Amino acid sequence: MPRRPRDANQNGERQYEHQIPSRDEILKAMEQAGQPLLLEALAPRFGIKTEQHRRALETRLRAMVRDGQLLRNRAEEFCLTRHLNVVAGKVIAHRDGFGFLKPDDGSDDLYLSAREMQLLWAGDRVAVRASETPRGREGNVVEILARGKTKIAGQFRRERGIDFVRDSADSRVEVLIPRGQSHGAKGGDVVSVEVLEYPTKNSHAIGRVVEVVGGANDAGIETEVAIRAHGIPHEWPDEAVAEARSWPTEVPAKAKEGREDLRNTPLVTIDGADARDFDDAVFCEKQGDGWRLIVAIADVSYYVPTDSPLDKEARGRGTSVYFPDRVVPMLPEALSNGLCSLNPNVDRLCHVCDMHVSVEGEVTRSRFYEAVMRSHARLTYNEAAEILVAARPRGLQAELRPHLKELEAVYEAFAKARKQRGAIDFDMPETKIQLDEHGKVASVKAVERLVTHKIIEECMIAANVESAKRIHKGKIPGLYRVHAGPEADRLEELLLFLKTFGYKLTPKNLTPKDLNRIIEAVAGKPEEEIIEMVVLRSMKQARYQPANVGHFGLALNAYAHFTSPIRRYPDLLVHRAIKWVTEHRSAKGYRYSLEEMERLGEHCSMTERRADEATREVVDTLKCIYLKDHIGETFDAVIASVVAFGLFVRLPGIQADGLVHVTSLPRDYYHRDPGGTTLRGDRTGSSYRLTETMKVRLVAVNVEECKIDLVPVDAEQGPTQAPARGPRPSGERKGRNRNRGR
C-alpha cells in the first residue's frame, strides 16, 4: 500500500501515516543526510518512537543490506552502497575454485579469484570493490551481506576420524560434523545438513545432520539430493494442505455463475504423454478472413486467494520443478492435478484469451473473460500429429480433426509472421531420460519435435502477447517476461567466434533477425548446434520484472506469461492483474504496488533459475550413471569445445559432454589458437577443430563430479573431419521440446 507523509510536526520531522517508510524514502533520507547513520539516528527522521516500529524499521534496513542497497559498517552504521564505490551482487561459484559476482544492477559480471572465493559459497550476497586488471574487471570482497545457503546436502564421510559432508551442488563446500551431531548417519549415507557456523580464515564450516535422506544407491536419491541442495521447498505447511482439502473434488455450482459457458466448444488439451497437470486448452475455427482462436487457461486464481496460506506457499516455491522421476508442484496435487487441471470430460473454471487472427498471422482483436469449460479430449503431441495426417479418421478423431486442421493453419500464419519479424528460432536438441520400474535409468533418447509442439507454442505465445498488452493498457503493476539482447563484450566474442566459421554480423543496431539469419544459414551443417549454443549464451537470461523492455529473442515489444498458472507464479500474478482491470477498469485499489511487484519479479526469476539448476544437475548425474554401464564402448562424438588441456566432445545421441585429455592425443606439444577453435600439435601438425567428429572410447565416469573421460579410438589417425558444408547424413534436423510460450 502506498505511503504518504503527513504534514511536518513542530520540529520539522516528517510524519508517516503507516510509520515505516518505504525503501525509496529511506534512500532519499540517507542521501539528504550525506553520511552513514545509526539506526538510532534514522528512526527520529521518520517520527518513529515506539519500540515495535523501531524493530520494523530495522527489519527493513536489514533487508536493504541483504539486497545490496545499503551496507552496515563496523560501527553498525548504515551506508549508501553507491557512495562506497562498491558493487553488490550474488556469487556464482566455479568448481575449479574461482567465481564471479553477478551484480544487482545488471552490469557485467566481475571475476572473483580463488583467493577471494575461499570463504564464499555459491548464492552468497556480497559487496565488492571493482578494479580493472589484465584479466579484466575483478572484485575484492568488502563485506558478506548474506549467506546463500543455510543447508547443504551430500554424502556423509569419515576420514581420519573426522566427519564431514561435501555439498553435492558445490564440491568446494565442506561442512564438518562434530561428534554427536550426525543424526545416526553412517559413511556413504546421503544427508541434509544445517549450517551452524560459516567458514572463516581460521576455521572450517560446522553443521549438524538434520535428516538422513537415504543410501547413495537408492532409486531417486539424485532428485532427493538436488531438492535439498538447492533449497527447493517440498514439504507442505499444514495450513496450505487444509486449505487445498477444503475444496470439493468437483467445481462448485456457485463458482460457475456469471461465467461464459464454453462447455459445448470442442476445446482440447495437447501435452506430453507423461503430463499430469493441464494448464491450457485450445480451439480454432474459421472466422471471416481469418480465424477465431481460443486459448483457455486454468483459472487458478479462483482457488488461490491472494495472501492465503496456499498463495504464500506457491509464492515461495515460485514454480513447479520437473525432474525425470517426479514433479515438485507449486500447488498441492489436489489442485494441480485435480480441481485446477483441465482434465477431459469434467467441468473446469478457466480464464480465456479469445482472439481473432488474420491470414497474415496478426491478432487484430482480443478479449479476456472468465468461463466454464469441458475439455473434449486429452491429446498427446503424438496423438494430435497422427490425427492431422490420418487418412480415414474415425470417431473422436473425425470430430476433432477439422479443428486441429484450423489450429495447424493458424500456426502456419503465426510462423510466417514470426519469420517476418525475425524472432530467433533455436532448434537445440533435447533428450528424455526413461526410467525403469525400479527408478533406474533405462535409456537416454533424443526428443522429436513435432508440428503439434509448434502449434501449441505459437498459440501460447499469442495469448502471452495479448496478456502483456492488456496489463500495459491497464497501467497496472504486473510481471513482464523480458529478454535483453547480447551485451557489448559478449557480442564482441560472438562476432569473433562466427568469423572463424566464415559468418559475419554487423554489431551496430543488431536485431534478432540478424542472429536468426545466421541460425538459418547453419541449419543442417556440422557447426549448427555449436553456433546455436554460442548465440544463446551471448544473450542475457530472460527474467521477470514490472518494467517492460520487450523480448529480444522473440522480437516482441511486450510479452508476459499467462498460460501456465498451475506451475508458474508469475502467470498467476498476470491473471490477477487482468481480472482486476477487467472488473474495475483501472489499477486503483489493486493489492500489489510497483515496489512489491519488483521484488516478486526478482524472486520468481530466482526460483526459475533454482529449478533449472536443480533439474540440470539431476539430468547430468543420471546421464553419468547411464554411461557408467557403457564404459569401454565407442561413440561418434563432436568436438564441442577446445581448451588448453584437451577437447570437450559431445555424444550427440545422449547430449553429454566428456573430456578427451591432451595426453590421450598423439604425442606432441599442443596449443590452442587465439580464437579458441583449434588445438594444433607443434611436431605433427595434427589439428582438432570445433565441430569435427572423432570416434572415441569411454574409459571412465565420475558420477559424483559429473566427469566423463574419453580417448580417441585411433589416436594415430587423428580426428575424422566432418564435411564443411551440407546436411547431416540423415538429412533431418533434430527437434527441441521447448517450454510453452518461452
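The values are calculated or read from the model by the stated rules, or taken from the named source; none is laboratory data. Everything numeric in this text was worked out from a predicted model, so none of it was measured. Using ideal geometry, Cβ is built from the backbone for each residue, glycine included, and neighbour counts are taken over all protein chains shown.
Among the listed residues Gln10, Gln15, identify the single one that is at pLDDT below 50 and surrounded by fewer than 11 Cβ atoms within 10 Å (Cβ to Cβ).
Step by step, each of Gln10, Gln15 is checked, and only Gln10 is at pLDDT below 50 and surrounded by fewer than 11 Cβ atoms within 10 Å (Cβ to Cβ).
When you look at Ala377, is it among the small types (Gly, Ala, Ser), in contact (Cβ under 8 Å) with a residue 24 or more places away in the chain and more than 30 Å from Pro237 (Cβ to Cβ), yes or no?
Yes: the conditions hold for Ala377.
Among (1) out of contact with any strand residue (DSSP E or B) (no Cβ under 7 Å at 6 or more places or on another chain); (2) part of a strand (DSSP E or B), where does Ala114 come up short?
Going through (1) out of contact with any strand residue (DSSP E or B) (no Cβ under 7 Å at 6 or more places or on another chain); (2) part of a strand (DSSP E or B) one by one, Ala114 breaks only (2).
Can you name every residue in the range 192-235 that is more than 13 Å from Asp167 (Cβ to Cβ) and of a type in the set (Lys, Arg)?
Once the filter is applied, which keeps residues that are more than 13 Å from Asp167 (Cβ to Cβ) and of a type in the set (Lys, Arg), the range 192-235 yields Lys201, Arg208.
Considering only the range 222-236, I want to know if a residue exists there that is of a type in the set (Asp, Glu) and within 23 Å of Asn702 (Cβ to Cβ). Show your work before the answer.
Pass one, the range 222-236, residues of a type in the set (Asp, Glu): 222, 224, 235.
In the following step, the residues that additionally are within 23 Å of Asn702 (Cβ to Cβ) were identified as 222, 224.
The answer is yes, given that some residue of the range 222-236 is of a type in the set (Asp, Glu) and within 23 Å of Asn702 (Cβ to Cβ).
For the range 119-146, give me each residue that is assigned to a loop (DSSP other than H, G, I, E, B) and either modelled with pLDDT under 90 or within 30 Å of Asp218 (Cα to Cα) (or both). Please lay out each step first, then the result.
Narrowing the range 119-146 to residues assigned to a loop (DSSP other than H, G, I, E, B): 119-124, 134-135.
Correct list: Trp121, Ala122, Gly123, Pro134, Arg135.
Any chance you could count how many residues in the range 523-552 are farther than 25 Å from Val638 by Cβ and either surrounded by fewer than 24 Cβ atoms within 10 Å (Cβ to Cβ) or touching a Leu at 6+ places or on another chain (Cβ under 7 Å) (or both)?
Taking the range 523-552 as the starting set, the residues that turn out to be farther than 25 Å from Val638 by Cβ are 540-552.
Right, trim to either surrounded by fewer than 24 Cβ atoms within 10 Å (Cβ to Cβ) or touching a Leu at 6+ places or on another chain (Cβ under 7 Å) (or both) and you get 540-550, 552.
Count: 12.
In the range 68-82, what residues are modelled with pLDDT of 85 or more and not in a strand (DSSP E or B)?
Within the range 68-82, just Glu77 meets the criteria.
Every residue, every condition in (1) modelled with pLDDT under 95; (2) within 26 Å of the chain's Cα centre (by Cα), yes or no:
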residue: Arg263; (1), (2): no, no
residue: Ile270; (1), (2): no, yes
residue: Ala275; (1), (2): yes, yes
residue: Ala281; (1), (2): no, yes
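Restricted to the range 508-521, and to residues that are hydrophobic (A, V, I, L, M, F, W, C) and surrounded by fewer than 21 Cβ atoms within 10 Å (Cβ to Cβ), which residue is modelled with the lowest pLDDT?
Across the range 508-521, the extreme among qualifying residues is Leu510.
Quick one: in the range 146-175, of everything that is among the hydroxyl-bearing types (Ser, Thr, Tyr) and under 21 Å from His94 (Cβ atoms), which residue is surrounded by the fewest Cβ atoms within 10 Å (Cβ to Cβ)?
Among them, the one singled out is Ser171.
So is Ala93 of a type in the set (A, V, I, L, M) and either surrounded by fewer than 16 Cβ atoms within 10 Å (Cβ to Cβ) or in the same structural domain as Ile48 (by TED's automatic domain parsing) (or both) or not?
no
For every residue, the table says whether it meets (1) aliphatic (A, V, I, L, M); (2) in contact (Cβ under 8 Å) with a residue 60 or more places away in the chain; (3) in the same structural domain as Met373 (by TED's automatic domain parsing); (4) surrounded by 23 or more Cβ atoms within 10 Å (Cβ to Cβ).
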| site | (1), (2), (3), (4) |
| --- | --- |
| Pro305 | no, no, yes, no |
| Ser308 | no, yes, yes, no |
| Arg315 | no, yes, yes, no |
| Asp325 | no, yes, yes, no |
| Val328 | yes, yes, yes, no |
| Ala334 | yes, yes, yes, no |
| Leu339 | yes, yes, yes, yes |
| Leu342 | yes, yes, yes, yes |
| Asn345 | no, no, yes, no |
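If you go through the range 112-137 one residue at a time, how many are under 15 Å from Asp96 (Cβ atoms), surrounded by fewer than 17 Cβ atoms within 10 Å (Cβ to Cβ) and free of Cβ contacts under 8 Å to residues at least 60 places away in the same chain?
Residues meeting the conditions: 4.
Taking the criterion of being in contact with a helix residue (DSSP H, G or I) (Cβ under 7 Å, 6 or more places away or on another chain), surrounded by 15 or more Cβ atoms within 10 Å (Cβ to Cβ), of a type outside the set (A, V, I, L, M) and farther than 24 Å from Gly318 by Cα, would at least one residue in the range 221-244 satisfy it?
No, every residue in the range 221-244 fails to be in contact with a helix residue (DSSP H, G or I) (Cβ under 7 Å, 6 or more places away or on another chain), surrounded by 15 or more Cβ atoms within 10 Å (Cβ to Cβ), of a type outside the set (A, V, I, L, M) and farther than 24 Å from Gly318 by Cα.
Select from the range 470-507 the residues that are surrounded by 15 or more Cβ atoms within 10 Å (Cβ to Cβ) and among the β-branched types (Val, Ile, Thr) and list them in ascending order.
Result: Ile471, Ile476, Val482, Thr500.
Quick test for you: out of Met533, Met460, pick the one residue that is within 24 Å of the chain's Cα centre (by Cα) and not assigned by TED's automatic domain parsing to the domain that holds Ala281.
Result of the check over Met533, Met460: Met533.
Scan (1) in contact with a Leu (Cβ under 9 Å, 6 or more places away or on another chain); (2) surrounded by fewer than 21 Cβ atoms within 10 Å (Cβ to Cβ); (3) among the aliphatic types (A, V, I, L, M) for the single condition Val447 breaks and write down its number.
(1)
Being surrounded by fewer than 14 Cβ atoms within 10 Å (Cβ to Cβ) and touching a strand residue (DSSP E or B) at 6+ places or on another chain (Cβ under 9 Å) is the filter here, so list the residues in the range 176-200 that pass it.
Of all residues in the range 176-200, those surrounded by fewer than 14 Cβ atoms within 10 Å (Cβ to Cβ) come to 178-180, 184, 186-188, 197, 200.
Pro178, Arg179, Gly180, Gly184, Lys186, Gly187, Gly188, Glu197 - these are the residues of the range 176-200 that are surrounded by fewer than 14 Cβ atoms within 10 Å (Cβ to Cβ) and touching a strand residue (DSSP E or B) at 6+ places or on another chain (Cβ under 9 Å).
Just to be sure I understand, how many residues within the range 192-233 are outside any loop (DSSP other than H, G, I, E, B), closer than 19 Å to Ser182 by Cα and of a type in the set (Ser, Thr, Tyr)?
Here the count works out to 1.
Go through the range 603-637 and count every residue that is buried (at least 19 other Cβ atoms within 10 Å of the Cβ) and part of a strand (DSSP E or B).
Number of matching residues: 2.
Given the options Val699, Val713, Val660, name the one that is over 30 Å from Thr452 (Cβ atoms), of a type in the set (Val, Ile, Thr), at pLDDT 85 or above and buried (at least 20 other Cβ atoms within 10 Å of the Cβ).
Working: Val699 fails: buried (at least 20 other Cβ atoms within 10 Å of the Cβ); Val713 fails: buried (at least 20 other Cβ atoms within 10 Å of the Cβ).
Testing whether each residue is over 30 Å from Thr452 (Cβ atoms), of a type in the set (Val, Ile, Thr), at pLDDT 85 or above and buried (at least 20 other Cβ atoms within 10 Å of the Cβ) leaves just Val660.
When the range 368-410 is examined, which residues are found to be in a helix (DSSP H, G or I) and of a type in the set (A, V, I, L, M)? Walk me through it before giving the result.
Filtering the range 368-410 down to residues in a helix (DSSP H, G or I) leaves 381-389, 396-410.
Matches in the range 368-410: Ala384, Ala385, Ile387, Leu388, Val389, Leu396, Ala398, Leu400, Leu404, Leu407, Ala409, Val410.
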